[in-house]
Amino acid sequence: MKKLASVLVVVASVGMFASASTYAAESCAAKSAALEKEIKISQQFGNAYKVAGLKQALAEVKAHCTNASVLADAQKDVRKLERKLAEKRGDVAEVQEDLSEAKAKGNTKKIAKYQRKLAEKQADVREIQEELNQARAELASLK
């Protein structure tokens, strides 16, 4: 069980190192190349456990990775970001309502509070929109 957990940790860490973006869609060849690079580096440093985990991850990529699965993962990432963006836009609308109510009542403390919240929520929306645009571009490059 410990071995499986360590392999999963290694696979997850390789996934983070293999791309600059959380939602970066990679081809199977790119995944294999990144794993092989990590294996070489780990061998140079004599990290046998990491090498074993990386070799296992490479075997999994070679056995199960297809261009169709990469495309499906990219599509799933786009849908997930679209849902997240819709949710955050709903949050912005709620805060805007609260701000309007505070303005109608003339409550300066609540106005300031909701203005801060609105700025935070709008920043979240911009960030997710950028991630979504990047994910869509990566999906388009796969097609």
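The values are calculated or read from the model by the stated rules, or taken from the named source; none is laboratory data. All values reported here derive from a predicted model rather than from experimental measurement. Here the Cβ is made from the backbone with ideal geometry for all residues, glycine too, and neighbour counts use every protein chain on show. Areas reflect the complete protein model, heavy atoms only, side chains present, ligands, DNA and RNA absent. Shrake-Rupley method; radii C 1.70, N 1.55, O 1.52, S 1.80 Å.
Which one of Lys143, Lys109, Lys50 is under 22 Å from Glu26 (Cβ atoms) and open to solvent by 80 Å² or more (accessible area, probe 1.4 Å)?
Numbers: Lys109 fails: under 22 Å from Glu26 (Cβ atoms); Lys50 fails: open to solvent by 80 Å² or more (accessible area, probe 1.4 Å).
The unique qualifying residue is Lys143.
Mind telling me which of the residues Asp124, Asp98, Asp77, Asp73 ends up being assigned to a helix (DSSP H, G or I), over 20 Å from Ala29 (Cβ atoms), open to solvent by less than 80 Å² (accessible area, probe 1.4 Å) and touching a residue at least 24 places away in the same chain (Cβ under 8 Å)?
Details: Asp98 fails: touching a residue at least 24 places away in the same chain (Cβ under 8 Å); Asp77 fails: over 20 Å from Ala29 (Cβ atoms); Asp73 fails: over 20 Å from Ala29 (Cβ atoms).
From the options Asp124, Asp98, Asp77, Asp73, the qualifying one is Asp124.
Output the number of the condition that Lys62 fails; it satisfies all remaining conditions of (1) at pLDDT below 95; (2) among the basic types (Lys, Arg); (3) under 21 Å from the mean Cα position of the chain (by Cα).
Tallying (1) at pLDDT below 95; (2) among the basic types (Lys, Arg); (3) under 21 Å from the mean Cα position of the chain (by Cα), Lys62 fails exactly one: (3).
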